[in-house]
Amino acid sequence: MAETRKMEGLRTRLTALRRMLASMAGLIGSDYATKEQAWEMLEGLFNPLAHALTATAITIVAWHNWHAYGSLASVPAAIIVIGTFAIRLAFVRRFHRRGPDARVSDWVRRFASSSFIAALGWGSSLSILLYTTEGATRFAVFALISAPIQGASARAYAMPGGVILHISIVLGMISVTATAFGVTVAIPLALLYLWYQVGFVSELFTFRTRMLKADHDNRALLG
């Protein structure tokens, strides 16, 4: 009986994972969420706070390398991440200025595009920092890598498929760079971290979908 329950639980998780990855640019519970709920989720997705914090941290590391070691090699990392942040702010301004005829589907696609750009920006800027930092600052860079990953995971409540793609791009770029740098365990560690994040996002996807469906059923009964 216990083995049967475990197998059923595993099948449920795999089914949720397939559903989650089937629509990489889709909002959670698109079949159940109201238009108001969809716009609320997009409002959270376009929040630029995580981008601002990551851009600030990478810029601080680049400044430290210049101040402490007289090295300008990390400046391109700061330029890339600031440029990425500027692009995100442009999307945010357009989102807030959207007209009454704006469609959720259009803004879902625009967020997916901006998220892809952000993943490339974060991955490349952090990869540059790995190559250009010196001394103990390199440990700060490895710690900083978790910032964009956690920032993306925080959006899993709304767009889990896009989150997994975002995380995969960032971790892929960083792990390849770290391997070239001589950290031979970077790729397997990155794969383990990715698997952990996939499990977390999958659990959140299942919970959020059930919650939205329950709310949808309640509204249908009340109607």
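Here are some notes:
- Among the helices (runs of 4 or more DSSP H) confined to region 146-223, the ones with at least 1 residues that are under 28 Å from residue 77 (Cβ atoms), of a type in the set (A, V, I, L, M, F, W, C) and in contact with a His (Cβ under 9 Å, 6 or more places away or on another chain) are located at 146-153.
- Members of region 160-170 that are buried (at least 20 other Cβ atoms within 10 Å of the Cβ) and either small (Gly, Ala, Ser) or free of Cβ contacts under 8 Å to residues at least 24 places away in the same chain (or both): 161, 162
- Some residue of region 171-182 being buried (at least 20 other Cβ atoms within 10 Å of the Cβ) and among the polar types (S, T, N, Q): yes
- Filtering region 166-194 to residues that are modelled with pLDDT under 85 and either hydrophobic (A, V, I, L, M, F, W, C) or in contact with a Ser or Thr (Cβ under 9 Å, 6 or more places away or on another chain) (or both) leaves 181, 183.
- Of 175, 125, all but one fail to be among the polar types (S, T, N, Q) and either under 18 Å from residue 44 (Cα atoms) or without any contact (Cβ under 8 Å) to a residue 40 or more places away in the chain (or both); the exception is 175.
- Unmet requirement for residue 106, which otherwise passes all of (1) under 20 Å from residue 55 (Cα atoms); (2) over 15 Å from the mean Cα position of the chain (by Cα): (1)
- Just one of the listed residues (190, 186, 156) is surrounded by 14 or more Cβ atoms within 10 Å (Cβ to Cβ) and under 19 Å from residue 39 (Cα atoms), namely 156.
The values are calculated or read from the model by the stated rules, or taken from the named source; none is laboratory data. On a predicted model such as this, the values are computed, not experimentally measured, just so you know. Note that we place each Cβ from the backbone using ideal geometry, even for glycine, and neighbour counts take in every protein chain shown.
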